[in-house]
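Undergrad: This structure is in structure tokens; I'll ask about it shortly.
The values are calculated or read from the model by the stated rules, or taken from the named source; none is laboratory data. Computed from a predicted model, the values in this text were never measured in an experiment. Quick reminder, even Gly has a Cβ in these numbers, built from the backbone with ideal geometry, and neighbours come from all protein chains shown.
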Amino acid sequence: MDRLPRELLLYILSHLNFKDKLQCNLVSQEWHTRLKQTILYQALLFRNPYHLRQAIEFFTDTSCRESVHRLDMSLCELPVASFMNLSLVFPRLKYLHIADFDPKFKAPRRPLEMEAAILSSLKKSVQRWEYLKGIVERSGSYPIIMSFLKAPKPVYLTSINITYNKRHGSIGKYQHNLRSLIKLTRNAPYLEQFCARFTFVSLLDFEELHGNCPKLHTVSITTHVCDSTTDLDKWFDSEADFNHFMPYHRANLEGVPVERTAQSLRHLKIKLAKSFMSVRETEMTVLTINNWLQYIGQKYPNLTSFDMHKISNGLEGMQAPEKQFEQHMSFALSQMTSLETFNSNLVPLTAQVVQSIPNAAGKLNQCTLYSFKHYAIQKQLERMQSLNNLDKIKALYITSNKNDKQRAPLRFNLLETFSNLTQLTFTSQVSNCKKQMSDILASTCHLETLTLSGVCPIALNLPVYKAESNLKVLQIRRFNFFDPSDWLDLNLALKNDILPSCPRLRRFDFSTVRAEYRTDVSFLLALDFRNNHHLQKVNINLLASTSYRIDGQKTDIALCPFAVQPFLPKSFSEYTACTLIDLPHPVLFNKDMIE
């Protein structure tokens, strides 16, 4: 094997799994060397600055450094002098993830000449990376991305992901930095993905970004919405920053003309952050959102995925939310002839919204429903019956909140019309929500993945005959029930209703919410998988606390009162949990401290 040509070695390695590669590594010195140079160090993740400095010393003197393509140091802070050597240590780096790095932050005051020299050296060192494609950076001024984009010739960067860190200054100052970054994207003509979190983005920014990056296919932003002039006082440290900001603010309130459509954009995700949003929608908020919807409909005719969320408690304003944004959302959807995924809590699926979804192409295959004050989930499912491509929808995500609390329970038999539904997620934000699994499975004969969040399964009045389900993945998340009777209901549902009717189950996940539990009450999760012969993975995550605080004082509690007793099939291959488990004996979990 040592005499095989390098190309043939690499070809063979590409068809082997990791276990076989390790065996080859033990047999042949040549294979051992090739593995180190091509595979072993491809992706590095560091959580400790000391280990990162050790790695830099190690790779400085080894030929393996050229195999490193991904470097994640988002949990480490590195001095600027050490960072300047990274491009020499990892010359073929393609993806860099870095956080809280700023050559000016936490540094002693230096003369301006020295500061300029440091920034100049940093820019030169960053621009030595010839293969860099993606950068994830969390900061205030983004020195790495900015330095890379200032290269004398166009760079081949395809992905930018930035997150604002408020410790670096006000949003007004950061917003000015974002303007500078967007201007520099003209030097990244191959950019395909742009992600910005916790900033203020204007429609003018969108126009400039698409003008600079014609190949952009994914945009994801989390932006603040200015509700009133009082918000602006919190944003700016100087009048100059305020004057620079106002044209962009007015663009959101007045809208901007679309000069050219962005034909390449396929995925758009917008989250409107709640930091400065009032409880009730103001006129400024409504104008901003409606102008964005109008712009999106005109700018992006080829969208396949559209996600627009309002992260706020403003769903109970004076007006029904569906009346505020229904018309503009309907217009935007009517222009998206290639839409496959739609997810928004701005409007419910009213008759007008459903009718605006292009039916001719019949491409919609994934949709999300939220409860609204005047439109419950039940009513929206009824409106969806008018779609002529219900058989194309493969995934539904349903979120039930307090607006559904006083209404009649959701009837899952409406899901029968979604004849090819393979994935269903039901999230409840209502306390004491209990659902019978057999009702769901009976209405979704092709379902393969079911996720219940904040829901307790029950088994009441079980049918005499139950058809076998095709379910392969079952996830019960955020189980927030603290009475032993609820856990009894859960165990009975698993034993009598769920597991017997799901013989093809391959994966089971269960997690609780982080909470303080009574130590004098024990909770048993009984899992009998002995008839689930296809089971491959079980993941149990019980987020109980070992301590909590009362009036600022830390109080310890006894061992978490959880026990898990799984019975597994003989062919079972993987069991993961919070702690190591000696199966099949009951184990007390002791996990996650609440500070």
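Undergrad: Just give me the residues in region 407-422 being outside any helix (DSSP H, G or I) and under 26 Å from Asp486 (Cβ atoms), in sequence order.
TA: Arg407, Ala408, Pro409, Leu410, Arg411
Undergrad: Another one. Spot the failing condition for Tyr375; the list is (1) within 16 Å of Asn345 (Cβ to Cβ); (2) within 26 Å of the chain's Cα centre (by Cα); (3) of a type outside the set (Gly, Ala, Ser), and only one is missed.
TA: Every condition holds for Tyr375 apart from (2).
Undergrad: Right, here's the next one. Could you list all residues from region 112-141 that are among the aromatic types (Phe, Trp, Tyr) and in contact with a helix residue (DSSP H, G or I) (Cβ under 6 Å, 6 or more places away or on another chain)?
TA: Trp129, the sole residue that qualifies.
Undergrad: Under 7 Å by Cβ, and 6 or more places apart or on different chains, what pairs join a residue from region 344-366 that is under 18 Å from Lys310 (Cα atoms) with one that is β-branched (Val, Ile, Thr) and assigned to a helix (DSSP H, G or I)?
TA: So the pair list comes out as Leu346/Ile289; Val347/Val353.
Undergrad: All but one of (1) touching a Phe, Trp or Tyr at 6+ places or on another chain (Cβ under 9 Å); (2) at pLDDT 90 or above; (3) not hydroxyl-bearing (Ser, Thr, Tyr) hold for Asn420; state the number of the condition that does not hold.
TA: Tallying (1) touching a Phe, Trp or Tyr at 6+ places or on another chain (Cβ under 9 Å); (2) at pLDDT 90 or above; (3) not hydroxyl-bearing (Ser, Thr, Tyr), Asn420 fails exactly one: (1).
Undergrad: Here's something else I'd like to know. Could you run through region 423-470 and say how many residues are modelled with pLDDT under 85 and among the basic types (Lys, Arg)?
TA: Going through region 423-470 one residue at a time, the tally reaches 1.
Undergrad: How many residues, within region 406-443, are under 14 Å from Ile498 (Cα atoms) and among the hydroxyl-bearing types (Ser, Thr, Tyr)?
TA: Of the residues in region 406-443, 1 are under 14 Å from Ile498 (Cα atoms) and among the hydroxyl-bearing types (Ser, Thr, Tyr).
Undergrad: Just the residues that are hydrophobic (A, V, I, L, M, F, W, C) and either at pLDDT 90 or above or outside the structural domain of Ala262 (by TED's automatic domain parsing) (or both), please, taken from region 185-200.
TA: Of everything in region 185-200, those that are hydrophobic (A, V, I, L, M, F, W, C) and either at pLDDT 90 or above or outside the structural domain of Ala262 (by TED's automatic domain parsing) (or both) turn out to be Ala188, Leu191, Phe194, Cys195, Ala196.
Undergrad: Let me ask something additional. Which of the residues spanning region 431-461 are in contact with a helix residue (DSSP H, G or I) (Cβ under 6 Å, 6 or more places away or on another chain) and either of a type in the set (A, V, I, L, M, F, W, C) or crowded, with 21+ Cβ neighbours inside 10 Å (or both)?
TA: Within region 431-461, Met437, Ser438, Ile440, Thr444, Cys456, Pro457, Ile458, Ala459 meet the criteria.
Undergrad: Counting only residues that are in a loop (DSSP other than H, G, I, E, B) and farther than 17 Å from Asp307 by Cα, how many does region 198-215 have?
TA: 5
Undergrad: So, Ile182, is that one modelled with pLDDT of 90 or more, within 15 Å of Thr288 (Cβ to Cβ) and aliphatic (A, V, I, L, M) or not?
TA: Considered against the rule, which asks whether it is modelled with pLDDT of 90 or more, within 15 Å of Thr288 (Cβ to Cβ) and aliphatic (A, V, I, L, M), Ile182 comes out as no.
Undergrad: Sticking with this one: For Phe148, only one of the following conditions fails: (1) in a helix (DSSP H, G or I); (2) farther than 12 Å from Leu96 by Cβ; (3) modelled with pLDDT of 85 or more. What is its number?
TA: Every condition holds for Phe148 apart from (2).
Undergrad: Is at least one residue of region 227-245 modelled with pLDDT of 85 or more, in the same structural domain as Met336 (by TED's automatic domain parsing) and not aromatic (Phe, Trp, Tyr)?
TA: no
Undergrad: Moving on. Report every pair of residues separated by at least 6 positions or lying on different chains whose Cβ atoms are under 6 Å apart, first residue within region 378-390 and within 12 Å of Asn359 (Cα to Cα), second at pLDDT below 90 and not in a helix (DSSP H, G or I).
TA: Asn388/Asn359; Asn389/Gly362
Undergrad: Working only within region 118-132, note down all residues that are surrounded by 16 or more Cβ atoms within 10 Å (Cβ to Cβ), outside any loop (DSSP other than H, G, I, E, B) and not aliphatic (A, V, I, L, M).
TA: Those that are surrounded by 16 or more Cβ atoms within 10 Å (Cβ to Cβ), outside any loop (DSSP other than H, G, I, E, B) and not aliphatic (A, V, I, L, M): Lys123, Ser125.
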